[in-house]
1. Part of a helix (DSSP H, G or I), at pLDDT below 85 and within 60 Å of the chain's Cα centre (by Cα): does that describe residue B:10?
2. For segment A:93-172, which strands (runs of 3 or more DSSP E) that fit wholly inside it have 3 or more residues that are facing another protein chain (nearest Cβ under 7 Å) and touching a helix residue (DSSP H, G or I) at 6+ places or on another chain (Cβ under 7 Å)?
3. Helices (runs of 4 or more DSSP H) wholly in segment B:96-206 with at least 1 residues that are closer than 30 Å to residue A:108 by Cα and of a type in the set (Lys, Arg) - which ones?
4. So for segment B:177-198 (the condition being out of contact with any Leu (no Cβ under 8 Å at 6 or more places or on another chain), over 25 Å from residue A:88 (Cα atoms), more than 8 Å from every other protein chain (Cβ to nearest Cβ) and without any contact (Cβ under 8 Å) to a residue 24 or more places away in the chain), does at least one residue qualify?
5. Looking at (1) more than 7 Å from every other protein chain (Cβ to nearest Cβ); (2) among the small types (Gly, Ala, Ser); (3) more than 20 Å from residue A:91 (Cα to Cα), which is the only condition residue B:205 fails?
6. So, residue A:32, is that one within 26 Å of residue B:202 (Cβ to Cβ), outside the structural domain of residue A:136 (by TED's automatic domain parsing) and either at pLDDT 90 or above or surrounded by fewer than 16 Cβ atoms within 10 Å (Cβ to Cβ) (or both) or not?
Amino acid sequence: MEHKQTLQLPVSVVGITDVNRLDRELVAIDEFLRQGAIREPGTTMKLPKTSKLFDEIVSMNDLNLIQEDDRNRLRDFLRDTQDSAPRLHISFSTDPSPLFLQRLMNYLREKINPRVLVQVGLQPNIGAGCVVRSTNKVFDLSLREDFRKKRRVLMQYIQKLEVHDSKQEVKA
Amino acid sequence: MDIFGLAAVLIGIVAATMAFIWLALRVSGGAHASRNPNASHLDQAEKDVEHIFNDEFREELRNRGRLHFEKIIGENAMFLQQDLRLTTSQLNEFMKTEITKKLQGEFSKYEESITDAKQMAIESITKTQEAIEEQRQMMGQQLLQEIENEKSRMVKRFEENLGDIVNHYVLAAIGNQIDLNDQLDYIIADIEANKEVIIQDLSDGA
């Protein structure tokens with residue numbers, strides 16, 4: 001249990017899709033090593049390709065995948081993440097860049113939860129900002145909502161402008 | 001001459017006829033009277049009478065009576081003709097007067113009924129005009145009320161959707177210039193403001 005907690009998700013791993021991919025890659029490597037153990041020496045075997053994301057999680061957690069324990073640790077961690085990691089759905093007005101997502105994930109992993117996963121959505125009509133949806137709640141942090149909240153301020157300005165215009169008309 | 005005059009003329013003619021008949025009977029009755037006891041005198045008188053009133057004299061009397069009767073008949077016929085003409089003219093005049101009076105009465109009734117109908121039509125038109133005017137005023141008020149309501153509704157809707165309107169305008173105006181990377185600090189600040197609630201919700205689970 002203690003080992004599981006020591007493992008960390010890199011900020012490049014954003015959503016559940018990434019975790020699933022890591023799990024598939026780990027399964028492929030595990031299968032490869034298991035098959036290698038039972039095959040006769042001299043037969044050719046094709047090493048499964050791993051993604052940059054997989055390399056990152058391995059290097060970040062200082063794992064040696066040759067060791068079955070490390071592979072088991074990583075597999076348990078990934079399965080546990082798939083099952084129980086907290087998830088957030090965040091919608092933006094445009095598709096976010098990888099750098100933007102990295103910085104955001106950095107903040108979320110640091111301040112909200114170290115295992116939090118994010119599903120990115122797209123809502124072009126929000127203007128700016130984002131809409132965050134957690135398990136039970138929705139946080140509209142968009143510019144549209146900000147305008148709605150500050151509607152009275154806008155109305156006051158409009159009324160002031162109307163009064164100003166009517167005064168100018170009277171003067172004219 | 002009226003109907004009474006005509007009756008008097010007829011009565012006169014009938015009386016003259018009766019007098020002539022009576023005279024004739026009297027003359028014949030005298031012959032029977034000569035059979036009295038004094039027959040000789042009577043016969044003598046009768047002979048004298050026969051001598052005086054002989055056939056020629058009688059014939060002359062008869063002719064005179066006939067002429068007189070024809071004269072009377074002619075005069076009375078003339079009078080009757082005159083009276084008839086007069087009566088006819090009076091009757092015509094009377095009929096004309098009566099018909100004129102009747103026609104005038106009918107015309108006046110007709111005119112009165114036309115006047116009444118006209119008055120009723122005018123009253124009906126006036127009432128209709130009043131109703132139309134009232135309806136027009138009511139519709140005008142309703143229209144003004146509807147316009148006022150619609151205006152209030154539009155203003156209210158505008159106020160309610162002001163955020164969306166401004167947002168839409170901002171997006172249309174500078175939407176392409178808003179970079180998501182520039183918003184990161186703003187987004188992180190907003191999430192930071194709601195951090196506790198988010199953490200609480202994530203820890204509570206579904």
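The values are calculated or read from the model by the stated rules, or taken from the named source; none is laboratory data. Everything numeric in this text was worked out from a predicted model, so none of it was measured. Note that each Cβ is placed from the backbone with ideal geometry, even for glycine, and that neighbours are counted across all protein chains shown.
1. Judged against the criteria, residue B:10 is not a match.
2. Per the criteria, A:129-133.
3. Output list reads B:195-204.
4. Checked segment B:177-198: at least one residue is out of contact with any Leu (no Cβ under 8 Å at 6 or more places or on another chain), over 25 Å from residue A:88 (Cα atoms), more than 8 Å from every other protein chain (Cβ to nearest Cβ) and without any contact (Cβ under 8 Å) to a residue 24 or more places away in the chain.
5. Only one criterion in (1) more than 7 Å from every other protein chain (Cβ to nearest Cβ); (2) among the small types (Gly, Ala, Ser); (3) more than 20 Å from residue A:91 (Cα to Cα) is unmet by residue B:205, namely (1).
6. no
Here's the yes/no breakdown for (1) at positive phi; (2) in contact (Cβ under 8 Å) with a residue 40 or more places away in the chain; (3) within 14 Å of chain A (Cβ to nearest Cβ):
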| residue | (1), (2), (3) |
| --- | --- |
| B:76 | no, yes, no |
| B:103 | no, no, no |
| B:114 | no, no, no |
| B:130 | no, no, no |
| B:147 | no, no, no |
| B:155 | no, no, yes |
| B:163 | no, no, yes |
| B:166 | no, no, yes |
